[in-house]
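Down below is the structure, laid out as structure tokens.
None of the figures in this text is laboratory data; all of them are computed from the coordinates on show. The shown structure was predicted, so the numbers you read here are calculated from the model rather than taken from an experiment. Neighbour counts are summed over all protein chains in view; Cβ atoms, including those assigned to glycine, are modelled from backbone coordinates with ideal geometry.
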Amino acid sequence: MQNLHLGTIGWSYSFWRGTFYPNKTGSKDFLAYYASKFSTVEVDNTFYRIPSQQAIANWKEQTPDGFSFSLKFPGVITHVKMLKDCQSETDLFLERAKILKEKLGPLLLQFPHSFGIERLSSLADFLHPKTQRYVIEVRDEGFLNDAFYSLLRDSNVALAWVDNPFMPSISEVTSDFLYVRWEGDREKVKGTLGKIEVDVQENLRLWADKIKPYLSKEMNVFGYFGKYYSGYPPLLDVMSVGCVSGGFPDPTSGVEKGEVLFDSRGRGSLQQRKMVLHNNRCFRFIVQFRPKIFMVI
């Protein structure tokens, strides 16, 4: 399904080496390998600094046609200046983002809890005019009202659907695309062990059911998993939603229906198991088998 774009929040994690990345993969080769498995990534490090022109050009060069980068706005704009007196930083960030050209995905404005509803007018000023697809993530429940939703709809700005401990579940659609962030809870998940730490399968099935109606309407859906969600986003999370939602084609040519190779601990060893199918949907594990990721649909 071409309108489902699933990936992870970040890719440059050395603790994925030996599980997702082959053991001898150098860090400079992580992105190219990642892009051979997934079609999109959310770039978290743009929050901490604006990348150089060369860095962004390298990203573009290392990824295939059809790949997209969703960039997070720098924290100096969203957290330090909170949209005030930040024109120079914003212009520089957008100028650098445009280097990606057709590979530029939505741009995420993630605000802290201290960015409250009293700043709605500042947000309105910031959004007009805009030349790219924007996504807003807020952590103040005071924003969840009609005035905020109307502002986003008028600007065709997506309200991020986020799975984290900070905000309630959101189902409001404010743009012609959806943007989902499975952040998780860093107090419960270390996220640096390179393996699944929390069973999130039932929750993922619920999410897949929530997304499916929009996929059937041919709406573009972008979704990104953080390392604090299950603990190991490349293995379980991304492929689960893709499988259950029907959003991935079947890459298992030559593999018997219902069969997959996997390590139930998420460590990449070779085990062969029969998968249980329920209503033609993936029921339990989605797995990685180097050098390809196999799933059952």
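Here are the numbers for the structure shown:
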{"read-out": "Segment 152-215: GluC sites (Glu not before Pro) in DSSP loop, at most 15 other beta carbons within 10 Å", "value": "Glu172, Glu187"}
{"read-out": "Pair Ser36, Met219: separation of 7 Å Cα→Cβ label points (nm)", "value": "3.5"}
{"read-out": "Sorted by Cβ density within 10 Å, fewest first, the residues Asp140, Asp65, Asp29", "value": "Asp65, Asp29, Asp140"}
{"read-out": "Relative exposure of Glu137, Glu61, judged by other C-beta atoms within 10 Å (fewest first)", "value": "Glu61, Glu137"}
{"read-out": "Förster radius 30 Å - calculated FRET efficiency between Asn203 and Tyr48 (Cβ-Cβ, nearest 0.05)", "value": "0.55"}
{"read-out": "When each of Lys72/Lys212; Lys37/Lys72; Lys103/Lys188 is checked by Cα-Cα distance, pairs over 30 Å", "value": "Lys103/Lys188"}
{"read-out": "Cβ-based exposure ranking for Leu127, Leu152, in which fewest neighbours within 10 Å come first", "value": "Leu127, Leu152"}
{"read-out": "Estimated inter-spin distance, Lys84 and Asp185, nm [label 7 Å along Cα→Cβ]", "value": "3.5"}
{"read-out": "Projected label distance in nm at Ile117 and Ser169, using a 7 Å step from Cα toward the beta-carbon", "value": "2.2"}
